[in-house]
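Colleague: Below is a structure I'd like to ask you about.
The values are calculated or read from the model by the stated rules, or taken from the named source; none is laboratory data. Treat the numbers as computed from the prediction; the structure is a model and nothing was measured. As a convention, Cβ positions derive from the backbone with ideal geometry for all residues, glycine included, and neighbour counts pool all protein chains shown. The protein model used for the area step is the full one, side chains on, heavy atoms only, and it has no ligands, DNA or RNA in it. Shrake-Rupley method; radii C 1.70, N 1.55, O 1.52, S 1.80 Å.
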Amino acid sequence: MPVSNTCWVLQKYIEKPLLYKSRKFDIRVWTVLTNDFEIYLYKDGYLRTSSDEYSASAKNNQVHLTNQCLQNKSEQYSKHEEGNTLSYA
């Protein structure tokens, strides 16, 4: 029996990621999955970018993680894009 009001986050670290201008990024999109398994996607999402160039051996978390609470502490924050975000357009 399905459990109502349950949220799930699925995530896997990708060792050889697709990069945007040599930096990691993630894609933010809002979705709704109904009890009937219908999926609705909101058309306007965005990309969150890292402040520093990617290297798998880097010890700097700002290379690997794109979340704002970490990126906004970087000296490079907003150097490439305002707020390290890009619209789909």
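Colleague: Compute log10 of I(q)/I(0) for the chain with the Debye formula, placing one identical point scatterer on every Cα and leaving out solvent, at q = 0.19 Å⁻¹, to two decimals.
Modeller: The computed values of log10 I(q)/I(0) come out as -0.90.
Colleague: At a Förster distance of 41 Å, what's the computed FRET efficiency of Ser55 paired with Ser4, Cβ-Cβ distance as r, to 0.05?
Modeller: FRET efficiency, Ser55 to Ser4: 0.40.
Colleague: Once both labels are modelled 7 Å past Cα along the beta-carbon direction, what's the Thr85-Ile14 spacing in nm?
Modeller: Output for this residue pair reads 2.1 nm.
Colleague: Skip the ligands, DNA and RNA, and give the accessible area per residue of the chain with a 1.4 Å probe, whole Å².
Modeller: Value for the chain: 84 Å² per residue.
Colleague: Further question: Of Leu10, Val32, His80, whose Cα points farthest to the positive end of the dipole of the chain (charges on the beta-carbon: +1 Lys, Arg; -1 Asp, Glu; origin at the Cα centre)?
Modeller: Comparing the listed Cα positions along the dipole, His80 ranks first.
Colleague: When the accessible area of the chain is computed with all protein chains present and a 1.4 Å probe, what percentage of it is carbon and sulfur?
Modeller: Roughly 56 percent, rounded to a whole number.
Colleague: Ok, one more. Let me have the 222 nm mean residue ellipticity of the chain computed from DSSP H runs of 4+ only, each contributing -39500 (n - 2.57), with the sum over all residues rounded to the nearest 500.
Modeller: It comes out at -1500 deg cm²/dmol, rounded to the nearest 500.
Colleague: Right, next: Let me know the longest stretch in the chain that avoids all GluC sites (Glu not before Pro) found in a DSSP loop with at most 11 other C-beta atoms within 10 Å.
Modeller: Maximal segment without exposed cleavage sites: 39-74.
Colleague: A further question follows. Just to be sure I understand: with springs between alpha-carbon atoms less than 10 Å apart, which residue in Gln62, Gln76, Gln11 has the highest mean-square fluctuation in the Gaussian network model of the chain?
Modeller: The residue that fluctuates most here is Gln11.
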